[in-house]
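Please treat every number below as a calculation from the coordinates, not as lab data. Not measured: the values here are computed from a predicted model. Glycine also receives a Cβ, built like all others from the backbone with ideal geometry; neighbour counts cover every protein chain displayed.
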Amino acid sequence: MLIFELNLRFRKIDHSYSGPTVGPTPITSPRPASAAGAFTFHSKVHGSAVKFLNNYRTAAREDPLNNDKNAVVFTSRPLETEELFEIHIDKRIKGSDKPGSVEIGVTTVNPQELSSVPATMTDCKVGQTWMYSGAEMLLNSLKVANMPKDIYELQSTGKLSKLGVKRDAQGRLDIFVNGEYIGTINDRFPTTIYGVVDIYMQTVQVSITSPKVEAPIEKEEEPSGQTQEAAKSTSPTSPPPPPITFRKTCGKNVEMSSDQKTATRRNYMTDCDNGIVLSSRPLQSGEMFEIRVDKTISKWDHEGLKIGLVDLHSGFEIPRTLPGQIAEVTWSWVGDEVFHDRRVEKKLNMNLNRVKNGDRVGVMRASDNTVHFFYNGQDFGAAADRIPEKVFAIVDVHGCTFEVSLNMPDTEMETKQTAPGPNPNSEVNTALMKMKQTVELLKIKNEASIKKVKQMAQENLLELYRSHQDPLLRKAMGEKFTEMQGATHIVDYIKFLRECGLEVDYIQECYSTLRKICVWYSDDSLKFARALGETDLLAIMVSELQKYKNKSYETDEKLLDVVKTNLILLHNCAKVTENRGVIRRLQVIDAILPYRNSKIKELSTHALMALSYMVAIDEHHYIQADENSIAFILQILEEAFNNKTTHMSETGYHVDEVLVGLANLAKNKGNRINVVKKQGVNTFVKIMKLGRPSEQECAAMALLEMVDDTTVQHIAATPGLHGVLATMKNSPVEAVRQASERLLLKLPSQDSFVQMMPDMPKPTAPKRRKCDYKEICNAYMKTLNLNDAFFDHEFDRCYCSVCHTDRGDDLYYTRGDPPKDYGIPAGWCRYALSLPAKAKAMNVLEAWHRAYHGTRSTAVAKILQVGELLMPGDTALGGEKISVCKGHFTEERKPEGFNIKKIFVSPSIRYAGHNAYAMPHKYKDATTEKNYVARVAFQICIRPDSYVVGDQTIGALSQIDPKFDNQEIEWATEERGSTVLYGLLVKLEEEVSA
Ligand SMILES: [Zn+2]
């Protein structure tokens, strides 16, 4: 792992804006154009949802309300050293709960060599990609640095206008936000990097601001399809200049290549002069003329290459060398000095006599009539002023330099042809093959092969996992292993080893390795954890825990290891709700309880965390932890949070995971008091301040659980709490905003707290008459023109933060037999539906599970008329055929064996309410005259056992809902009649485009 640090050099950069929204100027003002000519967005390789405008300098996401991904764009060529790549954010969606906005970065991936453009750039599996995302710099989706500005936050509050990146001459990456330099990522960035932008979530359209184009770039290829219209709308205002070459007229020692792009000084061993070459035409204002040094010799090491500008008006004769012996009008860089004619104008801190092969040297007449010199892209600033308008570039292929080539855009592209990279899939395929081989070997239960099994499991499973830190990759490995029946085979082998007798060392070693694999793979893959729940492993672990509880496990290292892994494994398995039945049956709680307050604090933590997922409402006394155990868990939380790379503790707990565990433990009053007593609130505040959005949310939720009559005053008095909650209220992430609102509503306000005497009762807010949000939702409902007979308004309910907190409701509830969790529809408003007779007849409200189904507003009336959710392919009432939504799998385009005739629901409204399902549309409220993004969803009951629990399919990278793992957030049923509609949900978000 590379070590990065963010170096906060707050140097003042001279920059100016021509206006707040349009016509931004480049930040580095003395550098209007780049070495290789202005770049555009890459016209051929880009995300599928992108359209271009303005000659490929503006990129927009098509259908931004329905598609928030597939809008990655690249620069048309690699970035030069010191060349700023800056974009302006033209349009965004305001008030959106989409957790993200635009991301900018650089990548070593040559877009031309990508087999497909990833949906989001953090998905890119090849090369190295650095993305500025939220308040972090990610390298291939792993955080490598904290950034001082959170661009998501800026974007959501409308305070983000520009983002820029620039590789400096030392190979580091400078970062610019809103035209201001904010810091540098100190690493050696490769010399060939492309700029990349992900027009993501809240962001709709961006434009390149730098380098500013002086003349439009002519496109060689015919624009195709969707971009045609965009290309037509902008026509060039003046013809582009012809490509630049060397002029045929040159010094008498010069030998010119046939394409006039390379100049060699003949007899370089004997003559150091007469190597002058000129540009074929005058330079455009702001056009950099750049050459690359191809060949040098040490013979003339006291003098070398020279470059400059020349006015060819007054009867020009090619000089022997620069700065010219006759009265020519030249500005030239010689050694470390800049001459105007023969007078020294300026000293530069680079000596041209020391150039090496491959170095680039450039000259430019800027639009402010100054001359700039460049060395490997580095600009030395204005070296002289009052340069005439029509000047040619002049190069003296002098002394130790005897061959140079033009380094202009068209030549650049030809020479940069590189061989295609290695096939990114080959490595994966090899790993999977080895995994498969190991599974095959596990099937053969033979004492002679135990050592071999241990070795292969170690190399092909354990090391494979250990060498990949990316949780998504680890999850994928767990899934593949599960598909190969890895859980069954590994547990069968464990049973075989137990039969052989664990007293023998090599058998014990194999046993320990296989158990480790179970622990690790179940940590990142719920599928694997679920599969383990179907084996005998849980029963084995329970018997071991019972056997060792009175033994000296605290001093026996081997026993300790067994107990430890068992507790962790049970914790991993307890997270899967499907496993809870077997956990009950095996009385796992009883087996864990003896370890709950173990002297070994790591054990007590594992035990408590596992228990926190298992206990029922009347079992909260089981999770009562002693003071020291709580203190130790808080220490783990700190440790995990302080690990900036993994956000994970030594013992393998993620920050989110510990926070959810603490929230679970807070169901016990003694635990709440101990968390407050052990300064846990300070840690929560710190995480709310500096954590990732999911961590902020979990910290606020955990803290909310801590609040009761005993703790409220202590919590409210925590330094910084009110401030951080006020900041979170403006978070771009809806869940974070809601979490802070709920917490604020539960705490006395800061002012009233200060004046409150300790014995005074908590002030209660005056009862509200009506909710403004519900009023607007009511008005929207009217526009749907639904017959009132469908509704039973007695059970209407607003789930905005205020109404929700007023009622004192929880965020998650459990319903059905067997019980299953669901989240309340926070932020939505429910219009209760009249229940069909079947609901009462079949005891649906008690026995069935609760879930959500997002849909489009135009489908609501049809669904109500039919009376239940429809499957693709169904013919609805009135003859309309139900088709598959755009972007979803179809009969023609679907994974093998995939049945598209399914109804998808989710126990989380965050998932069901996603754009892919609850298709947003615009709505203008007549009273407030505000524009909203409106969505609808159904609240349903679903028959237990009628559906399959599965992974999210919307390409989410981060956890969607803290209560439900992404791997079990989508439920699919093929059973007709297995759902009963009981509420229509509406959500409105204010929309403003910048
Ligand atoms: Zn409300």
Next on the checklist: Let me check I've understood the local charge: for Thr979, count other residues with C-beta under 12 angstrom from its C-beta, Lys and Arg +1, Asp and Glu -1. What total comes out?
Outcome noted: +2
Item to check | Nitroxide proxy distance, nm - points 7 Å out along Cα→Cβ at Asp709 and Leu502 | outcome: 4.9 nm
Item to check | Stokes-Einstein diffusion coefficient of region 624-764, Kirkwood radius over Cα pairs, 20 °C, 1.002 mPa s, in µm²/s | outcome: 142 µm²/s
Next on the checklist: Less than 20 Å apart at the alpha-carbon level, and either on another chain or at least 8 residues along: which lysines does that give for Lys347?
Outcome noted: Lys306
Next on the checklist: Neighbour counts of other C-beta atoms within 10 Å: give me Trp971, Trp331, Trp300 arranged from fewest to most.
Outcome noted: Trp300, Trp971, Trp331
Checklist outcome for this item: Listing Ser467, Ser405, Ser958 by rising number of other beta-carbon atoms within 10 angstrom, fewest first, gives Ser467, Ser958, Ser405
Checklist entry - In the neighborhood of Asp336, defined by Cβ-to-Cβ distances under 10 Å, what is the net charge if each Lys or Arg adds +1 and each Asp or Glu adds -1? => result +2
Next on the checklist: Taking 0.36 nm per residue of sequence separation and subtracting the Cα-Cα distance, how much length would be gained by fully extending the chain between Asp271 and Glu602, in nm to one decimal?
Outcome noted: 111.3 nm
Next on the checklist: Restricting things to Cα coordinates, could you compute the convex hull volume per residue of region 772-990 in Å³?
Outcome noted: 135 Å³
Checklist outcome for this item: Taking r as the C-beta separation of Lys547 and Ala448 and R0 as 41 Å, the FRET efficiency to the nearest 0.05 is 0.90
Item to check | Packing-based order for 338-349, 123-134, using average beta carbon neighbours within 10 Å, highest first | outcome: 123-134, 338-349
Next on the checklist: So for each of 72-80, 454-462 I average, over its residues, the number of other beta carbons within 10 Å; can you give me the resulting order with the highest mean first?
Outcome noted: 72-80, 454-462
Item to check | FRET E, pair Met433, Leu142, Förster distance 30 Å, beta-carbon r, rounded to 0.05 | outcome: 0.70
Checklist entry - Quick one: Lys516, Lys575, Lys689, fewest Cβ neighbours within 10 Å first, how do they rank? => result Lys689, Lys516, Lys575
Item to check | Under 23 Å from Lys547, Cα to Cα: lysines that are on another chain or at least 8 residues apart | outcome: Lys495, Lys516, Lys558, Lys564, Lys599, Lys601
